[in-house]
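Comments concern the structure below.
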């Protein structure tokens with residue numbers, strides 16, 4: 001797995017692929033209910049986590065969230081850990097010993113980062129963090145829609161991974177999708193800390209520190225390099 005991302009390990013000590021399932025879309029009212037991550041360091045060591053996160057006492061999941069994620073209140077109560085413990089586990093997985101730089105990768109990273117930045121509030125990082133949004137990359141490579149499940153099909157990965165809307169399955173799928181993207185054209189470094197957005201809806205209101213936001217139109221094929229978002 002390490003060799004698939006050698007061009008990225010030139011710049012980073014580790015890569016952390018992550019995904020969240022949440023109780024809703026509003027960061028002010030909702031929370032992470034499952035957090036999964038796979039970490040690969042430049043020495044080829046792999047670590048992973050998959051934690052359910054307890055809800056505040058008395059709060060229940062919306063039936064639509066249960067239908068989408070297949071996560072129930074009973075599962076959170078039985079298997080969930082506290083938000084504090086889950087955040088500590090995620091922080092530890094990212095930080096690592098002696099790491100100077102880590103790349104965090106997510107599909108539609110803006111959404112996941114809006115929740116995790118609040119989740120990790122109070123945790124200080126000695127490691128420099130940068131971000132890669134595979135949706136932004138995928139928009140330069142393939143036609144709409146740009147969901148993870150569509151990328152799995154586009155890259156012929158159906159026999160390797162699945163998109164189940166469970167965080168750990170989606171993370172493992174994300175690793176393979178990112179690998180396929182990198183083999184397709186090794187320009188992922190150009191997308192680091194660069195997030196595309198639909199000009200019709202405007203840039204996100206919540207900005208992730210260090211990220212540059214650019215309007216990004218849809219395409220029907222992989223763009224020639226000179227027309228990709230990093231070159232815009």
Between a first residue in the range 204-232 that is on the phi > 0 side of the Ramachandran plot and in a loop (DSSP other than H, G, I, E, B) and a second residue that is surrounded by 14 or more Cβ atoms within 10 Å (Cβ to Cβ) and modelled with pLDDT of 95 or more, which pairs have beta carbons less than 9 Å apart while being 6 or more apart in sequence or on different chains?
-> 210/129; 210/130; 210/131; 210/193
Any chance residue 113 is over 20 Å from residue 172 (Cα atoms), crowded, with 19+ Cβ neighbours inside 10 Å and in contact (Cβ under 8 Å) with a residue 24 or more places away in the chain | no
Quick check: anything in the range 166-176 more than 20 Å from residue 219 (Cβ to Cβ) and surrounded by fewer than 16 Cβ atoms within 10 Å (Cβ to Cβ)?
-> no
Residue pairs meeting the criteria (Cβ under 7 Å; at least 6 apart or on separate chains; first free of Cβ contacts under 8 Å to residues at least 40 places away in the same chain, in the range 85-103; second assigned to a helix (DSSP H, G or I) and surrounded by 15 or more Cβ atoms within 10 Å (Cβ to Cβ)) = 87/119
Is it the case that the range 151-165 has a residue that's touching a strand residue (DSSP E or B) at 6+ places or on another chain (Cβ under 9 Å), part of a loop (DSSP other than H, G, I, E, B) and surrounded by fewer than 21 Cβ atoms within 10 Å (Cβ to Cβ)?
-> yes
Report yes if some residue within the range 59-70 is in contact with a strand residue (DSSP E or B) (Cβ under 6 Å, 6 or more places away or on another chain) and either more than 22 Å from residue 160 (Cα to Cα) or in contact (Cβ under 8 Å) with a residue 60 or more places away in the chain (or both); otherwise report no.
-> yes
Of the conditions (1) modelled with pLDDT of 95 or more; (2) loosely packed, with under 15 Cβ neighbours inside 10 Å; (3) within 30 Å of residue 118 (Cα to Cα); (4) out of contact with any strand residue (DSSP E or B) (no Cβ under 7 Å at 6 or more places or on another chain), residue 201 fails just one. Which one is it?
-> (1)
Quick count over the range 115-150, residues being part of a helix (DSSP H, G or I) and over 16 Å from residue 192 (Cα atoms), is 8
Residues that are over 16 Å from residue 179 (Cβ atoms), under 21 Å from the mean Cα position of the chain (by Cα) and modelled with pLDDT of 95 or more: which helices (runs of 4 or more DSSP H) entirely in the range 1-114 hold 3 or more of them?
-> 83-95
Residue check, residue 206 against (1) under 22 Å from residue 25 (Cα atoms); (2) buried (at least 18 other Cβ atoms within 10 Å of the Cβ); (3) in contact with a helix residue (DSSP H, G or I) (Cβ under 8 Å, 6 or more places away or on another chain), all met but one. Which one?
-> (2)
Counted residues, the range 183-203 - those being farther than 25 Å from residue 6 by Cα and in a loop (DSSP other than H, G, I, E, B) | 6
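The values are calculated or read from the model by the stated rules, or taken from the named source; none is laboratory data. This one's a predicted model, so the numbers in the text were calculated from it and none came from an experiment. Ideal geometry is used to build each Cβ from the backbone, glycine not excepted, and the neighbour counts take in all protein chains shown.
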